[in-house]
1. Consider residue 67 against the criteria (1) within 12 Å of the chain's Cα centre (by Cα); (2) modelled with pLDDT under 65; (3) part of a loop (DSSP other than H, G, I, E, B): it satisfies all of them except one. Which criterion is unmet?
2. I'm trying to understand the selection: among the residues of the range 20-49, which are under 14 Å from residue 62 (Cβ atoms) and not in a loop (DSSP other than H, G, I, E, B)?
């Protein structure tokens, strides 16, 4: 039987190698700065939009067009995604 216990230090080191994990600081109003290396890799420019997905495990940030490419040419799925985005926007606006 294998011992699956891994120290937090070893786990963080492994994640940095596997996933290119970065440590970012949250500034006033929740602002974070995406490192230049990442912005260049994904061709993100000032004013570009990104998608943020939140679940029980964490926060994930994707370039705006990236999430749609997973739907390919499935226009119904893309339409459903656009409807969901609009509903979420309305929920956010009504809660403020």
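The values are calculated or read from the model by the stated rules, or taken from the named source; none is laboratory data. Since we're looking at a predicted model, the values are computed, not measured. Note that each Cβ is placed from the backbone with ideal geometry, even for glycine, and that neighbours are counted across all protein chains shown.
1. Going through the list (1) within 12 Å of the chain's Cα centre (by Cα); (2) modelled with pLDDT under 65; (3) part of a loop (DSSP other than H, G, I, E, B), residue 67 breaks only (3).
2. Of everything in the range 20-49, those that are under 14 Å from residue 62 (Cβ atoms) and not in a loop (DSSP other than H, G, I, E, B) turn out to be 38, 39, 41.
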